[in-house]
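Structure first, then comments.
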Amino acid sequence: MGIGPVALTRGTVQSTNSVPTVTDNLKSQNKISTEIIGVSYNPTNMYTTTNGELTFGGVDSSKYTGAITYTPITKTSPAKFYWGIDQTINYGSSKILSSTAGIVDTGTTLVLLASDAFNKYKSMTGGTMDPNTGLLSITQEQYNNLQNLNFNIGGTTFPMTPNAQIWPRTLNTYIGGSVGSIYLIVGNVSFNLFK
């Protein structure tokens, strides 16, 4: 659909400098008062379940609890050209990534970390690379010991619980995995998953 910053469209259409996004068009047509997009994804365990929702022009307060944390776009390249934010990442209480820029992307299935942070995460979880899926695989015992993956953004910590860090087990065969395996959805940003 293209809901990223309009600067990403430069040079994509002949004889046009940039292409307005859906949100830009809705704002210019007075369909929405603010260029805000609320995104809600619920966990799924069925391939055919559609359970995401976009709200244009605001947020749906029934889709979240607590307060929303707003943070500025990072000034660090290349993340500043996307929906880039500054953050730190801890695995449990251990820092695996000092303050750096990251990109929030609704079109990415996995949480992709810089190589050094990914290697720390891999070591701390005990995960091993599964050649069929390209994902880290862990045992049930390792899952039982999995800690939160904490993202600190704008002074607020957002924890990914152990269950949020794994691929839905009922969908393992859709990615070439084994039925009884446990796969982590955290990957290395420099690893080509789609060789």
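The values are calculated or read from the model by the stated rules, or taken from the named source; none is laboratory data. None of the values given here were measured: they were computed from a predicted structure. Positions of Cβ are backbone-derived with ideal geometry, glycine not excepted, and every protein chain shown enters the neighbour counts. Note: accessible area is taken over every heavy atom of the protein model, side chains too, but ligands, DNA and RNA are not part of it. Shrake-Rupley method; radii C 1.70, N 1.55, O 1.52, S 1.80 Å.
Applying the selection to the stretch 161-188, what residues are assigned to a strand (DSSP E or B) and either more than 14 Å from VAL111 (Cβ to Cβ) or modelled with pLDDT under 95 (or both)? Please lay out each step first, then the result.
The initial filter retains those residues of the stretch 161-188 that are assigned to a strand (DSSP E or B), namely 166, 182-184, 186-188.
Matches in the stretch 161-188: ILE182, GLY187, ASN188.
If you go through the stretch 47-59 one residue at a time, how many are open to solvent by less than 50 Å² (accessible area, probe 1.4 Å) and either touching a residue at least 40 places away in the same chain (Cβ under 8 Å) or assigned to a loop (DSSP other than H, G, I, E, B) (or both)? Spell out how you get there, then give the answer.
Residues of the stretch 47-59 that are open to solvent by less than 50 Å² (accessible area, probe 1.4 Å), as a first pass: 51-52, 55, 57-58.
Still in the list and also either touching a residue at least 40 places away in the same chain (Cβ under 8 Å) or assigned to a loop (DSSP other than H, G, I, E, B) (or both): 51, 57.
Total meeting the criteria: 2.
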When you scan the stretch 117-133, do you find a residue that is open to solvent by 70 Å² or more (accessible area, probe 1.4 Å) and part of a loop (DSSP other than H, G, I, E, B), even just one? yes
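Any idea which of TYR183, TYR143, TYR174 is hydroxyl-bearing (Ser, Thr, Tyr), surrounded by 19 or more Cβ atoms within 10 Å (Cβ to Cβ) and either more than 13 Å from the chain's Cα centre (by Cα) or farther than 27 Å from GLU53 by Cβ (or both)? Break it down stepwise before answering.
Numbers: TYR143 fails: surrounded by 19 or more Cβ atoms within 10 Å (Cβ to Cβ); TYR174 fails: surrounded by 19 or more Cβ atoms within 10 Å (Cβ to Cβ).
Selected residue: TYR183, the only one of TYR183, TYR143, TYR174 that is hydroxyl-bearing (Ser, Thr, Tyr), surrounded by 19 or more Cβ atoms within 10 Å (Cβ to Cβ) and either more than 13 Å from the chain's Cα centre (by Cα) or farther than 27 Å from GLU53 by Cβ (or both).
For every residue, the table says whether it meets (1) closer than 27 Å to PRO159 by Cα; (2) over 16 Å from the mean Cα position of the chain (by Cα).
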site: VAL13; (1), (2): no, yes
site: VAL39; (1), (2): yes, no
site: VAL59; (1), (2): yes, yes
site: LYS75; (1), (2): yes, yes
site: PRO78; (1), (2): yes, yes
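Here is a list: TYR91, TYR70. Which entry is under 23 Å from MET160 (Cβ atoms), open to solvent by less than 90 Å² (accessible area, probe 1.4 Å) and aromatic (Phe, Trp, Tyr)?
Answer to the selection: TYR91.
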